[in-house]
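Heads up, the thing below is written out as structure tokens.
The values are calculated or read from the model by the stated rules, or taken from the named source; none is laboratory data. It should be emphasised that the depicted structure is a prediction, and the values quoted were computed from it without experimental measurement. Every residue, glycine as well, gets a Cβ built from its backbone with ideal geometry; the counts of neighbours run over all protein chains shown.
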Amino acid sequence: MTLKTPPKLTLYRGFPVHPRLGWSPFVNKLEARLRLGGVKYELGEGNPRAAPRGKIPYIAVDGRSELLGDSTLITRDFVEEGYFADLNAHLTPAQRAQDLAIRALLEDKLYFYQVREKWEDNYYTMREGVLGTIPYPVRLLVGSLAFRSVMSALYGQGTLRYTKEEITAFRLEIWEAINALLAESHSKADTRGNAPFWLFGSQDPSEADPALFGAISATLVCPASAESQQEVRKFPVLTEYAKRIHAQYFSDYELWDDGSVPPTPASSAFHLFLKPLMSQSAGLTPPGLASFLRSLSTESVDQSVDSFAALLRRQQIRGSKACALATASLLRRVVSHTRTADSAKLLARVREVGRVLIAAAPKELAIGNIVRRVLGLIRDESGDSRDPGSLAGTTTPPPVNGTTSAQASTRPVTSMYSILSHPTMPASHPSSPISSGTHTPNPAASSDLRAEILAGIGEIIDELDQSDEQIANYALDLISPQEVVLTHGASPVVQRFLLKAAAKRKFTVIQAEAYPNQHRRTHALVTGNPALSTDGDDDTLSSAATLGIDAFQKPLIAAGINLILVPDSAIFALMSRVSKVVLAAHSVLSNGAFVAAAGAGPIAKAAHYHRVPVLVLAATYTLSPQYPFQNGEALVEYADAEKVVPLQDGALHKGATVVNLLREVVPPTDVDLFVSNLGGVASDGVARLVRDQYWDEDLVL
């Protein structure tokens, strides 16, 4: 059969025209099919909006008014027109069925598994690669819309309904099966030269070969397919198969990176001296919350205190929940190793450790909060009254909230679990020698004092573990159907709150990106990727598995929530359509102000202007007796300014002071309701809630 010479063809690949293969397996498949057929063509950039089926690739044929779309339909059309030979003509019926099954496996299974990897795990690489020609501000919005569209399609198709581990297993299973098939063909073929060998082991290719070459080559050239690249490179036959086809038919194109780095004198020295050290430390985890908690059972108390203080100074443990959990765990060990039943000595020891930790991280207020809770627990269990003279040599510090200790007639609530287990104590005990200024221990209570304190600290740790879920239980009371909820940043407690409401409510969530400190983690959180980023404020990091937040991380859209991810610049324009704003607090101050990730302040101001209710989720461990003097400037944190203006922009750096706000203080006037694990309270009721948590003697440590 004599083939016809086709008219002029233009292949639109969707990427800028460069002499290299593209990121799309369908583009590379069609280009390989054209070259296998000996058909000449020109390259064009194109875009999906101009494509006949809304997807890349597509072809313009000179003399035809309509464009041709879909690589499979284009191939079929060209075979019928006589431009291509039928590559399956030499196959048996059984082989034709196998060919069709392999193409379906690659295009209907593997493709979607890799799309999830690209867009969910490597969103920013895909956005910059696919939308790199779009101006930056518009690129953010278009990228968010594209991400939302891809995730919705993946959920409808079914890929997003599996866990990441399941998808990885499916993907590896496909590569293993293809590798086995190619290995058998490779053993039959004459591979002494550089000629390609084909999938079915015959002299000529089938229609499955362009599809397979497209899948392998797109995986190897796309930087957003890092995990898939590692999987493909595990099978040398796969890479050899693709390289032979590339050398025969794409010699004018650049070959993909083979994953190796040419040795240089510096790199040779590195491998010679440092590689043995790296291999020894490959199984070690970086310092952080998880490693610190494990070390508590092996290190001495003083070593643990020094280690925790060092981790705080280096900011390897940060964020309210992580710091609270680490502090409570450390103080439990401090109390267990303090061999005394004298409450005064226990108080002094805990206060000493608390001062060391607070000095290491003065802006992590949760540390001081937990220290105060433990001090109050010791006073409760030792039978102290709330009178400042009940301890030998103690004096009352200046009250933070303006209320004297004599006005309090009940003991503080140190944990939820102690409300029922301990009756309310009177303000003073007749047997307490208040006038003498000395404390007489109760012999009956002293024997089990440390055991009771350790049990109480255990209750505090249980409360830390359950606080997010307890806050989420109020979601159904606060979120109504068809509402539009705006939130900000990557807060697991907010995500859990929204997921709880989504179980019985249908509503829309507008998620602000929190650029430049949390935007990567925001995308990771809303897509359910547990491998969170490490930049910015670490309230959501510090060993997610240790904090127990990995179990609920899944895409919000998978729960039926209509999710819209927007840049921060769009917040004020959208606020008039918002029903509620839900924010997470890093710390709550005694006057009702709260510390949160940068960007929460403008959101609260915009909500206040539009009269939109602002809900702040804050567990009890975030409640601090500290007052924000000078508008809370001492609590404001700044991050690396290079995230805002790169150092290369020297002229701007010289002419302006560039700051990158990491945390800011939001005034109480912009908050309508605080939601804690004990319930909801207005901003003017925070002072009373804070007072219930701590003894007046412990307000200043």
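Annotation: of all residues in the stretch 103-131 being aliphatic (A, V, I, L, M) and assigned to a helix (DSSP H, G or I), the one that is nearest to residue 170 (Cα to Cα) is 110. Beta carbons closer than 6 Å, at least 6 apart along the sequence or on distinct chains, pair a first residue in the stretch 191-216 that is without any contact (Cβ under 8 Å) to a residue 40 or more places away in the chain with a second that is part of a helix (DSSP H, G or I) and not acidic (Asp, Glu) for 201/185; 201/188; 216/238; 216/242.
Scanning the stretch 591-617 for residues that are part of a helix (DSSP H, G or I), within 23 Å of residue 522 (Cα to Cα) and not charged (D, E, K, R) yields 600, 601, 602, 603, 604, 606, 607.
Only residues that are at pLDDT below 90 and not aliphatic (A, V, I, L, M): list them for the stretch 320-344, please. Listed by number, the residues that qualify are 336, 337, 338, 339, 340, 342, 343. Just a yes or no: is a residue in the stretch 90-102 under 30 Å from residue 223 (Cβ atoms) and either in a helix (DSSP H, G or I) or at pLDDT 90 or above (or both)? Yes, because at least one residue in the stretch 90-102 is under 30 Å from residue 223 (Cβ atoms) and either in a helix (DSSP H, G or I) or at pLDDT 90 or above (or both).
For the subset of the stretch 569-609 comprising residues that are in contact with a strand residue (DSSP E or B) (Cβ under 8 Å, 6 or more places away or on another chain) and charged (D, E, K, R), which member is farthest from residue 682 (Cα to Cα)? So the residue we want is 577.
Restricted to the stretch 8-29, and to residues there that are in contact with an Asp or Glu (Cβ under 9 Å, 6 or more places away or on another chain) and among the aliphatic types (A, V, I, L, M), the residue that is surrounded by the most Cβ atoms within 10 Å (Cβ to Cβ) is 21. When the stretch 134-152 is filtered for residues that are surrounded by 14 or more Cβ atoms within 10 Å (Cβ to Cβ) and among the small types (Gly, Ala, Ser), the ones remaining, listed by number, are 143, 144, 146, 152. The criterion of at least 3 residues that are at pLDDT 85 or above and under 22 Å from residue 102 (Cα atoms) is met by the following helices (runs of 4 or more DSSP H) wholly inside the stretch 178-293: 208-221, 226-233, 236-249.
Looking at the stretch 90-101, can you tell me whether even one residue there is in contact with a Gly (Cβ under 8 Å, 6 or more places away or on another chain) and surrounded by 15 or more Cβ atoms within 10 Å (Cβ to Cβ)? No: the stretch 90-101 contains no residue that is in contact with a Gly (Cβ under 8 Å, 6 or more places away or on another chain) and surrounded by 15 or more Cβ atoms within 10 Å (Cβ to Cβ). Considering the stretch 54-73, the residues that are in contact with a Lys or Arg (Cβ under 8 Å, 6 or more places away or on another chain) and either under 18 Å from residue 21 (Cβ atoms) or not assigned by TED's automatic domain parsing to the domain that holds residue 87 (or both) include one that is modelled with the lowest pLDDT, namely 56. Residues in the stretch 348-382 that are out of contact with any Gly (no Cβ under 9 Å at 6 or more places or on another chain) and of a type in the set (A, V, I, L, M) were compared, and the one that is nearest to residue 699 (Cα to Cα) is 365.
Of all residues in the stretch 155-213, those satisfying the criterion of being surrounded by fewer than 18 Cβ atoms within 10 Å (Cβ to Cβ) and among the aromatic types (Phe, Trp, Tyr) are 155, 162, 170. Which one of these is more than 19 Å from the chain's Cα centre (by Cα), surrounded by fewer than 24 Cβ atoms within 10 Å (Cβ to Cβ) and under 30 Å from residue 660 (Cβ atoms): 480, 467? The match here is 467. A Cβ distance below 8 Å, combined with a sequence gap of six or more or placement on separate chains, defines the contacts here; from the stretch 158-171, residues that are among the polar types (S, T, N, Q) reach residues that are assigned to a helix (DSSP H, G or I) in the pairs 159/112; 159/113; 159/115; 159/116; 159/167; 168/227. What do you reckon, is residue 125 surrounded by fewer than 22 Cβ atoms within 10 Å (Cβ to Cβ) and under 23 Å from residue 25 (Cα atoms)? Yes; evaluated as a whole, the condition is true for this residue. Considering the stretch 296-312, the residues that are free of Cβ contacts under 8 Å to residues at least 12 places away in the same chain and assigned to a helix (DSSP H, G or I) include one that is farthest from residue 336 (Cα to Cα), namely 306. If the Cβ limit is 9 Å and pairs must be 6+ apart or interchain, which residue in the stretch 43-61 that is closer than 15 Å to residue 25 by Cα and touching a residue at least 12 places away in the same chain (Cβ under 8 Å) pairs with which residue that is of a type in the set (Ser, Thr, Tyr) and in a strand (DSSP E or B)? Pairs that qualify, where the first residue is closer than 15 Å to residue 25 by Cα and touching a residue at least 12 places away in the same chain (Cβ under 8 Å) and the partner is of a type in the set (Ser, Thr, Tyr) and in a strand (DSSP E or B), are 56/12; 57/12; 58/12. Filtering 83, 113 for residues that are of a type in the set (Ser, Thr, Tyr), within 30 Å of residue 223 (Cα to Cα) and outside the structural domain of residue 516 (by TED's automatic domain parsing) leaves a single hit, 113.
Taken over the stretch 8-42, the criterion of being within 17 Å of residue 78 (Cβ to Cβ), of a type outside the set (Asp, Glu) and out of contact with any helix residue (DSSP H, G or I) (no Cβ under 6 Å at 6 or more places or on another chain) is satisfied by 8, 9, 10, 11, 12, 27, 34, 36, 37, 38, 39, 40. Looking at 33, 20, 49, just one residue is more than 37 Å from the chain's Cα centre (by Cα) and charged (D, E, K, R), and that residue is 33.
When the stretch 483-492 is filtered for residues that are surrounded by fewer than 24 Cβ atoms within 10 Å (Cβ to Cβ) and either free of Cβ contacts under 8 Å to residues at least 12 places away in the same chain or under 18 Å from the mean Cα position of the chain (by Cα) (or both), only 492 remains.
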